[in-house]
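Structure record follows, encoded as structure tokens.
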Amino acid sequence: MSLATIRETPGLDAYLDQLEEQLVDAVDAYPGLVAEVGAEALAAGGKRLRPLLVFLAAPPGEPPLAGGAAVELVHMATLVHDDLIDRARYRRGREAAWASHGPAAARAAGDYLFARAFAELAATGDAAAVGCLADATLALARGEALQRAQTHDPETSVESYLERCALKTGKLFEAACLLGSGGDRALGDFGLALGIAFQIADDILDCAGETIETGKIAGTDLREGTPTLPLILAAREDASVRSALAGGELDGALLRVAETGALESSRVVALDYARRARLALDGHLRREELAALTDAVVNRES
């Protein structure tokens, strides 16, 4: 089954259409500058991967739109805040919120999107769902703090990097699966492993000289001193990469990452997490669709 076939899953088109309407309504709820900035973030698009997980994890019947909207709003909030923290001027070909509206407006808009996410879930009266998303959001904050502590540190361990991947990416994927399924722990495990595989794949693309799906310019991690798996492994083999990751000269360092074999080694780890994700799907109704999504995540080129 291909990713295109997943899009043919009965009810998915209607769900995604309704999701877009719900996202627009959620962001427009309180008109003003922060809603305007939020609307721009929404208009920038994206694959809506996390709401797709909510849909595929849900049992047949009425898919949980509130859960899908909530995880996407949290994701959008993190992008707005990440661009502000990193001073990244562009996202998906558009000027970042802080660059076009100023840092204060971007900070407030990110906070607004977080608040609107929880409002979507709170309106359902499902306290467990609110708690699930709260746990994931706390993990995001912890992951960001860990990344700041690791910046320009080529001695960052692979284990610490994978912990960061779990916190910054995996936990929101996990939450999407839990919100869709109503708390199925096996599907939560699937989402966590998938999120780690997704992040490693992004980090490989960043070093491979391609623009990744988040819209970042390739090579951003090395320039900012963020120790990703390819950079950690390459720094062990090459002094120029190690120096660049520590904040030194960048010239030629990105090419050296590929020459060390770190991209291939990192892909092996990503594929292992994809394998773990698929193992958690045993017996699930939409196992084929979720397994195909896993393959698409680790094999994508953008």
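The values are calculated or read from the model by the stated rules, or taken from the named source; none is laboratory data. Quick caveat: nothing in here was measured; it's all calculated off a predicted structure. Glycine also receives a Cβ, built like all others from the backbone with ideal geometry; neighbour counts cover every protein chain displayed. Note: accessible area is taken over every heavy atom of the protein model, side chains too, but ligands, DNA and RNA are not part of it. Shrake-Rupley method; radii C 1.70, N 1.55, O 1.52, S 1.80 Å.
Per residue, the range 88-189 exposes 43 Å² of solvent-accessible protein surface, assessed with a 1.4 angstrom probe and all protein chains in place. Of the solvent-accessible surface of the range 1-127, computed with a 1.4 Å probe and all protein chains present, 55% belongs to carbon and sulfur. Dipole size of the range 94-224 about its Cα centre, with +1 on Lys/Arg Cβ and -1 on Asp/Glu Cβ: approximately 380 debye, rounded to the nearest 20.
Rounding to the nearest 20 debye, state how big the charge dipole of the range 1-156 is about its Cα centre with +1 on each Lys and Arg Cβ and -1 on each Asp and Glu Cβ.
Dipole magnitude for the range 1-156 comes out near 420 debye.
Ligands, DNA and RNA left out, the 1.4 Å accessible surface of the range 144-274 is 53% carbon and sulfur atoms. The heavy atoms of Phe198 present about 10 square angstrom of accessible area, all protein chains included, probe 1.4 Å. Volume per residue for the range 20-106 equals 84 cubic angstrom (convex hull of Cα atoms).
Taking amide H as placed 1.01 Å from N in the peptide plane, Thr228 has no amide H partner under 5 Å among residues 5 or more places away or on another chain.
Using the Cα coordinates of the range 248-302, the gyration tensor eigenvalues translate into equivalent-ellipsoid semi-axes of 33, 11, 7 Å, sorted from longest to shortest.
Over every Cα atom in the range 175-280, the radius of gyration and the widest Cα-Cα span, Dmax, amount to 15.8, 50 Å. Using only side-chain charges placed at the Cβ, +1 for Lys and Arg and -1 for Asp and Glu, the dipole size of the chain relative to its Cα centre rounds to 280 debye. Rg over Rh for the chain works out to 0.96, using Cα positions for both radii and the Kirkwood form for Rh. Result for the chain in a Gaussian network model with C-alpha springs under 10 Å: among Leu84, Leu172, Leu194, the largest mean-square fluctuation is at Leu84. Couplings for the range 184-190, taken from phi via the Karplus curve 6.51 cos²θ - 1.76 cosθ + 1.60 with θ = phi - 60°, read 5, 5, 5, 5, x, 4, 4 Hz in order; Gly and Pro are left as x. Taking the Cα atoms of the range 135-175, the ratio Rg/Rh between the radius of gyration and the Kirkwood radius comes to 1.00.
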